[in-house]
Amino acid sequence: MSTLTIDKWLTHHATYRPHHLAIVFEEQRLSFAELNRSVNRLCHALQQAGVKKGDKVATFLPNSFELYELYWATAKMGAVIVPMSPLVRGNGLINLFNDADTQLIVTDIAHVSYIEDVRES
């Protein structure tokens, strides 16, 4: 009997329970098959951005469906997610980014300016 690890869990449920409800987030509802397809698209986008197994991906996002998808995508591809609070600003944000040693930072349009403010540091 093989072990069902987190990187295989979503694919397993998409195969054996494709039409069962996987997530409800605000008005959004996805089955396991739909969530798996969405996560696979995100995995491919992360890979095209240069993320590989073992790389760290920082998130600078509020609680959102996109954050949930990133958790699954990084797990599926063997990357490591580094969640960062979008409430942190200035020197605190500089310290977080410098200490995280990430390959990529994922954010939304509402938080881009905070990253741009500290980018040079």
Measure of exposure for Arg41: accessible area at 1.4 Å probe, Å² rounded to 10, is 150 Å²
Which value, in Å² rounded to 10, gives the accessible area of Thr3 with a 1.4 Å probe and all protein chains present?
-> 110 Å²
Largest-first ranking of His111, His19, His44 by accessible area, probe 1.4 Å, whole protein assembly kept, is His19, His44, His111
Proximal lysines relative to Lys8, as straight alpha-carbon distance under 16 Å, when same-chain residues fewer than 8 apart are discounted | Lys53, Lys76
Distance in nm between label sites at Ala110 and Thr15, each 7 Å beyond Cα in the beta-carbon direction?
-> 3.8 nm
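The values are calculated or read from the model by the stated rules, or taken from the named source; none is laboratory data. Since the structure is predicted, the reported quantities are computational estimates derived from the model, not experimental observations. Note that we place each Cβ from the backbone using ideal geometry, even for glycine, and neighbour counts take in every protein chain shown. For the accessible areas, the whole protein counts, side chains as well, though only heavy atoms, and no ligand, DNA or RNA atoms are used. Shrake-Rupley method; radii C 1.70, N 1.55, O 1.52, S 1.80 Å.
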